[in-house]
Every structure is written in structure tokens, then in C-alpha cells.
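In what follows, a structure is listed as C-alpha cells, so that the remarks can point back to it.
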Amino acid sequence: MANLRRFIIRRLITFIPTLIGVTFIVFIIAAVIPANPARVWAGGQKASPQVIKKLEEEYHLKGNLLERYYWLIYKLFTNQIVSPRTHHYVWEDLAYRFPVTLQLTIIAFIYILLLGIPLGIVAALKRDSWIDTTIRILALIGVSTPVFWLAYLLIFLFFTQLHWITLAGTPVPPYSITGVPLIDALLKLDFKTLGQILSRYSLPGFILGFMGIGVTARIVRNSFLDAMSADFVEYAKARGLKKLRIYRHVLRNALVPVVTVLGLMFGGLLGGAPITERIFGLPGIGNYMLQSIYQYDYLALTGAVFFIALIYLTANLVVDILYAFIDPRVRY
Amino acid sequence: MEMAEEVYEKKILDKISDKVIDGIAWLMDKVRKGWKRRNKARIDEWKLMAYAFNRSPPGLIGFTLILIFLALAVIGPYIAPFSYDLPLTAFDSTAKLAPPGKVVTIKPGQLAEFLHVKPGNYTLLLGSDDYGRDLYSRILYGARVSLVVAILIMIVGPWIGIAIGLVAGYYGGKVDEALMRFTDIFLAFPGLILAIAFSAVFPDRIREFLAANPAVRDFLLALFALKPQHAGAMASLISVVVALWLVWWPGYARLTRGLVLSARENVYVEAARALGVPTRWILLRHIFPNILGPILVYLTLDFGGVILTEAGLSFLGLGAVPPIADWGRIINDGSAYFPNAWWLIFYPGLMILLTVLGFNLIGDTLRDVLDPKTRRSIEFKIKKKASGGK
């Protein structure tokens, strides 16, 4: 475990430069926009010069890029940046939008786990049969489908035709425990709110998870097959263990690489899904970034990028640590 | 022991692929004398891969899909009944958001002459959009846009990564550490979101660049099959290309580095180093050609992903700008009329799906074909029982 601690410390040390690197790249790219962002924020062509000048001063738009970057990061950290677009503090905006993205990710993940893993196991057990081929083709279709297209097809089916889902509003219960409505409703066993959340999020969640289902099925299949050809399986068979017992051992071994991939996927999805969120009008992190970009709000954009990178890097770190726990062979 | 020519049970496809591979070998021999003799084993291996590929239905389906896509992209703009920006509402007011199968009449007159349209009755195969532009024509033009965008991205983006991977892998040590940490920065962030941030800020600069370089502008306009007045709209499309250059390389850096690490342990590299061959020369002449194979395969596989990502960015309104016919953009513009004008979403999306699926099917099959284990098993399966049986 001492080694693990050293590993975590080493990872945390590379954490910070990466974080600074990502935000700096985005900042540089966004800050050198040819258009004057202050003019856009002040209302376009007919904005008064005084307002523009004031905004320029307030947001430190002139001067050395490095100094401006430092100013922005410092102010973001101390929560002093008010987005010129939403007129809220950037962190407040992000905190308000994060639960939406989190719920979307959780629901997408439920689909991935419930469909991807069983499909992968079935494909591995029925290797080279028509089931295996079908699942393989399905996985390929999954990574080939433009999600925005699929989303409209399913909206047509479930909203226009069947009226099963809702497409407006974000259900929030009157109480708040964790700040995430889905978890709150589950804790309180409030099935009415839960139903509302599901009817709002189930389709976007499916769309977001769609690509992951196929990918997961493929990974589960391959790692399951790898585990089944391991020596210990041969040994177990030779000892005359029951098939079910053998599968239990295989499953435990096969899931090790799967956990890594799923962890990274979770981190990636938490970074916001601009396309899905836009189609379904969900006010999540991805949508926030898109709006910031459209309005040249690079302050909020850098803030959001910082936030996403933080989440993504943390997810990576957690996955690496988790790896040591589920696979005792891993030594740091 | 005599080594007889290996005899395979050949199907018609195998004969065609034999001819193609022989043709390539013949060409290489023309360029470099003696290439065919020196690479006999390699040519036979290629033929064997082709046989294996020919025996995989998904691979063949993918290959067909891609052939159709390439054909549409090349000849599409010439066979399209209308130009991508022709508003049919100018002739027939019912042509606005016309459903598939609607017949539009174009009367002879000054307007038809001015817009270079032949008068007559036209059936709008796939319907039309809110400006009365023929969706079928726009999808044909869109194939060209997709292909050119994908190629433009692929001839630059991955090569940044390949160069970084080559240098990092060969030099190792601090150079490797620095370059890989730099790569990690890009990997530490979802590529799509980074691309969104990038593509939003380039258009103005690219517009200036295109205005300053008319030769480049005209070349690109010809590639995209666009009219000169849409050079401004093209700038946004190019900005997506540039944005994807900047995010499409980290995977290649990792891949190349790994390949170089194993390739540089080869004896011939050591021999070259002992002979005092300059490092640059070793990298380019001895290592690079030997790792090119897997890189090229990976590049081909990646085409589908590039097309899908570009369509996604266009859907978000960051790539192509109207009136450019881009599949993702058509869906974005059509979504305002959903679900009534379903064809504006259904058909372009189907085209994206089939194209990307084609590339992925080929990729999936290639991965099998390139795996020596599966290849040998197929080799045994198709070998005639010439030596043992008869």
C-alpha cells in the first residue's frame, strides 16, 4: 500500500500540469478570437463604446496573454468571474448544470451495463455462432450511427407517436439532499418525481449510451474469451469443477479490463454530451459550453473546460486506483 | 523437397483481387526496378489477405458501401439534377418542403435560362427543403463534401501525431517524456469538445487567408464542387478541418511511438547505427517504412470516425454554413421542420450511417485479416487438396 500511496502522489503531480495545459490551450485559442468579445456581450453593433470599454476593463481583455490567463484562473478559483452571458458566477452556473449531466450519464450508464455486459457474455459463450455475428454487427452499427439522427428517429417514435416521454423542463423535487434530483428521489422513494425524471431522461440517456453499448459488448466478449482460454480454466476443468463455478472465476477475471474501459467512459460522458443535450434541450454542461462558444464567452468556456478536465482526470485516477483493488496482480 | 506453386480454390473475386495486386506490383516495378522480385513474399501475402477478405461477408458489404460512397462523391455533383443551392420555389411555390416523390414543373423563361435549368417536369426523389432545394441533389453534393473534408483532415492531422510518435519513440528519454506528457494533455480531454472550441474561432482567420490566396481558394472550391460566391461559407467548413487537425493526432502519437519502440530493436537498425547512418536517415529510411503498414490500416479505419465527427460538428452549427450541402448541416437545418419534414433528417442521416458503417465493416474485417492466426486458418480452408488429396 505504501507503493500505492506513492503512485497516487505521482499521479497527482502530473494532474496539475495537465489541467493547466488543457485550460491554457483552450484559453489561448478562445482569447485570440478576431472579433471583440466585449462588443458581442454588450449587444453587437449598436453597443455603446462606454459599455464596451467598461466590459474590456472588467474582464481584463487587453494585455499580455499569460497575465490574462493567470488573472482568469485566479478569479475562477476565487469565484469572482461573472459570465457576461448569463450574469451568474461561472461556478454557480456549472454547479447548476452539473446535476443534469450527471443524471444523463447515470441513465446512459445503466443502459450500457444492462445491455452491453450481457450481450458481450452471450457473444463470448456462443462464439462464432449467428448470435455472435449479430452482436458484432450491432456493435459496429452502434459506433457508426450518427446519434443526432437516431435521436430524431426515436423522438418521432416515442414522443410524436406513442407519447411515452416528455421533452420539456427538468424535473426538480421540492426537497434537496444531494442536489441531484435522481438520487434525492431515490433516497426519499419519491416515485412520482422518479417517474418524471425517467420519462424526461430515459431517451436522451439511451441515445448517449447507444455507442457505449456496442463498444462494451465487444470488450466484454473479447476479454471473456481471453479469460476462458487461460490456464486456470483448463485446470478447473481438469479438476472437474461445475461449469457454473468455472464461469464465476472467468467472469471475475474478465471484468478487470472492462472496469477500466467503463471507468474512462463514465468520465468521458460526465464531460457533457453537447449533441445529446442540445437535441433534447437539457441544460447540462455540454449545452453550456456550446452556448458559451456561440456567444464568445471564453471566460465561461475556460471555466467549463477546467471543470470537465478536472472530472475527467479524476475519473482516470480513480480507475487506476480501482484497478489495484480488483486485480491483486497489479503493483505500482 | 520441392516447393510447388501453392494452389488455391479461387472464386471470381479472388481472380479480380489477384489482378489488382499484380497491377500494383507491376506499377511498383516500373517505379523501382526489381521491386517485384525482391518483394515476392510480400505480394503473395497480400493476395492471401485479399482471399481472406473475399471470404468475409461483412467486409464485402462494407467494401460495396464504400465503393458506392466514393462513386457518389466523385460523380455526384455531375449527375445531380440541380445545383446544391438552387431554390425551386422560384419556379413553383409548392416546392417548399415538398415531400419525396413530388413533381415540380419548371416553365421555360428568362428565369430558367438565368439559373441554367432545363425546363420540364422533375420528380423530387427525396423531397426538398425550406428553400425548395432538391434534397437528392444536395445529398449527392454532400457526399463530395464529406469525402473531401475527411481526406483533408487525414492528410494532416494524424501525421502530426505520427511525427511526434516517431521522434518520441526513437530518441526516448527526456524527449519521449516531454512529448508524451504533451500528448497526455490532449488525451486528458474529450476530443469532440476541444474540436468545438477550436472550430468556433478559426473561420475569420481562414476567410482572410483564403482571400489572400486565391489559388488555394479556387482549388478548394473545385474540390468541394462549390460555386465561387460561397467561398466565405467554405471558410467555416475549413475551420472544422483545422480544428480536427488539432485533435485528431494524439492516438497516432501513441500508436507510432509503440511501433517505433519495437521496430528500433531490430538488427538492421542496430547495423545502420553501427555504420554511422545519420539518425534522421534511420528514422525515415529504415524505421518508418517498416511501421507504415499498421499506420495506414489504422488511417483507413479512422475515416468513418472522421466523417461522423465532422457531421456532428456540422450538426451543432460549427462546420458547414448554408448553402453548403453537408449531411450534418442538412439535418441541423431540417430539425426545425421535424417531424413534418422527416425526409430532411432521415435521408442525410442514413447516408452518414451507411458510409461510416462501410468504413467500420472494412476496418473490422481488416483487423481479422491482418491477424496471422485467422489468416492461416483461412489459408488452410481454401487450399486445394492438390498436395495431399489428389
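Quick notes on this structure:
- Only one of the numbered conditions (1) out of contact with any Leu (no Cβ under 7 Å at 6 or more places or on another chain); (2) open to solvent by 10 Å² or more (accessible area, probe 1.4 Å) is not met by residue B:137, and that is (2).
- Out of B:195, B:150, B:222, sole residue that is part of a helix (DSSP H, G or I), out of contact with any His (no Cβ under 8 Å at 6 or more places or on another chain) and either open to solvent by 10 Å² or more (accessible area, probe 1.4 Å) or not assigned by TED's automatic domain parsing to the domain that holds residue B:288 (or both): B:222
- Single residue of the stretch A:147-167 satisfying the filter (among the aliphatic types (A, V, I, L, M) and away from chain B (no Cβ under 11 Å)) that is surrounded by the most Cβ atoms within 10 Å (Cβ to Cβ): A:165
- Within the stretch A:255-279, if we keep just the residues that are more than 20 Å from residue A:114 (Cβ to Cβ) and at pLDDT 85 or above, the residue that is farthest from the other protein chains (Cβ to nearest Cβ) turns out to be A:277.
- Test result for residue A:295, modelled with pLDDT under 85 and within 29 Å of residue A:82 (Cβ to Cβ): yes
- Sub-8 Å Cβ pairs linking a first residue in the stretch B:299-319 that is free of Cβ contacts under 8 Å to residues at least 40 places away in the same chain and crowded, with 24+ Cβ neighbours inside 10 Å to a second residue that is not in a helix (DSSP H, G or I) and not aliphatic (A, V, I, L, M), at least 6 apart or interchain, are B:315/A:146, ordered by first then second residue.
- Beta carbons closer than 7 Å, at least 6 apart along the sequence or on distinct chains, pair a first residue in the stretch A:66-91 that is within 22 Å of residue A:40 (Cβ to Cβ) with a second that is of a type in the set (D, E, K, R) for A:81/A:75; A:83/A:93; A:83/A:297; A:84/A:297; A:85/A:297; A:86/A:93.
- Some residue of the stretch A:28-43 being within 13 Å of chain B (Cβ to nearest Cβ), closer than 18 Å to residue A:75 by Cα and modelled with pLDDT of 75 or more: yes
- Test: residue B:246 is within 13 Å of chain A (Cβ to nearest Cβ) and modelled with pLDDT of 85 or more: yes
- So residue A:49, is it within 14 Å of another protein chain (Cβ to nearest Cβ) and modelled with pLDDT under 80: no
- Residue count for the stretch A:77-99 under the criterion of being within 29 Å of residue A:55 (Cβ to Cβ) and in a helix (DSSP H, G or I): the result is 10.
- Filtered residues of the stretch B:326-368 (kept if facing chain A (nearest Cβ under 7 Å) and under 12 Å from residue B:142 (Cβ atoms)): B:331, B:349, B:352
- Of the helices (runs of 4 or more DSSP H) entirely within the stretch B:280-390, those holding at least 3 residues that are under 22 Å from residue B:240 (Cβ atoms) occupy B:288-315, B:327-334, B:343-370.
- Taken over the stretch B:320-362, the residue count meeting the criterion of being of a type in the set (D, E, K, R) and open to solvent by 30 Å² or more (accessible area, probe 1.4 Å) is 2.
- Of residues in the stretch B:225-246 being open to solvent by 50 Å² or more (accessible area, probe 1.4 Å) and closer than 16 Å to residue B:83 by Cβ, the one nearest to the chain's Cα centre (by Cα): B:227
Conditions (1) under 25 Å from the mean Cα position of the chain (by Cα); (2) more than 30 Å from residue B:142 (Cβ to Cβ); (3) surrounded by fewer than 18 Cβ atoms within 10 Å (Cβ to Cβ), marked per residue:
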site	(1), (2), (3)
B:52	yes, yes, no
B:59	yes, no, no
B:65	yes, no, no
B:74	yes, no, yes
B:79	yes, no, yes
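- Subset of the stretch A:81-112 [open to solvent by 40 Å² or more (accessible area, probe 1.4 Å) and of a type in the set (Asp, Glu)]: A:92
- Applying the set (1) free of Cβ contacts under 8 Å to residues at least 24 places away in the same chain; (2) within 30 Å of residue A:318 (Cβ to Cβ) to residue A:11 leaves exactly one unmet item: (1).
- The stretch A:268-279, residues that are in a helix (DSSP H, G or I), in contact (Cβ under 8 Å) with a residue 40 or more places away in the chain and open to solvent by less than 10 Å² (accessible area, probe 1.4 Å): A:276, A:277
- Looking at A:83, A:129, A:144, just one residue is at negative phi, out of contact with any strand residue (DSSP E or B) (no Cβ under 8 Å at 6 or more places or on another chain) and away from every other protein chain (no Cβ under 14 Å), and that residue is A:129.
- Residue ID - nearest to residue A:25 (Cα to Cα), chosen from residues in the stretch A:60-80 that are open to solvent by 60 Å² or more (accessible area, probe 1.4 Å) and among the hydrophobic types (A, V, I, L, M, F, W, C): A:66
- Single residue of the stretch A:168-196 satisfying the filter (open to solvent by 50 Å² or more (accessible area, probe 1.4 Å) and among the aliphatic types (A, V, I, L, M)) that is nearest to residue A:207 (Cα to Cα): A:168
- Looking only at residues of the stretch A:280-314 that are outside any helix (DSSP H, G or I) and in contact with an Asp or Glu (Cβ under 9 Å, 6 or more places away or on another chain), we find that the one that is farthest from the other protein chains (Cβ to nearest Cβ) is A:283.
- Residues of the stretch A:315-330 classified as in contact (Cβ under 8 Å) with a residue 60 or more places away in the chain, in a helix (DSSP H, G or I) and open to solvent by less than 30 Å² (accessible area, probe 1.4 Å), total: 3
- Residue A:252 meets the conditions (1) within 11 Å of another protein chain (Cβ to nearest Cβ); (2) without any contact (Cβ under 8 Å) to a residue 40 or more places away in the chain; (3) surrounded by fewer than 18 Cβ atoms within 10 Å (Cβ to Cβ) in every case but one. The failed one is (1).
- Matching residues, the stretch B:225-247, being part of a helix (DSSP H, G or I), over 17 Å from residue A:31 (Cβ atoms) and among the aliphatic types (A, V, I, L, M): B:231, B:233, B:234, B:235, B:237, B:238, B:240, B:241, B:242, B:244, B:247
- For residue B:144, the conditions (1) farther than 20 Å from residue B:335 by Cα; (2) open to solvent by 50 Å² or more (accessible area, probe 1.4 Å); (3) of a type outside the set (Asp, Glu) all hold with the exception of (2).
- Subset tally (residues that are open to solvent by less than 50 Å² (accessible area, probe 1.4 Å) and part of a strand (DSSP E or B)) for the stretch B:94-134: 6
The values are calculated or read from the model by the stated rules, or taken from the named source; none is laboratory data. These numbers come from a predicted model, not from an experiment. Methodologically, a virtual Cβ is constructed for each residue, glycine included, from the backbone with ideal geometry; neighbour enumeration extends over all protein chains shown. All accessible areas refer to the heavy atoms of the entire protein, side chains included, with ligands and DNA or RNA removed. Shrake-Rupley method; radii C 1.70, N 1.55, O 1.52, S 1.80 Å.
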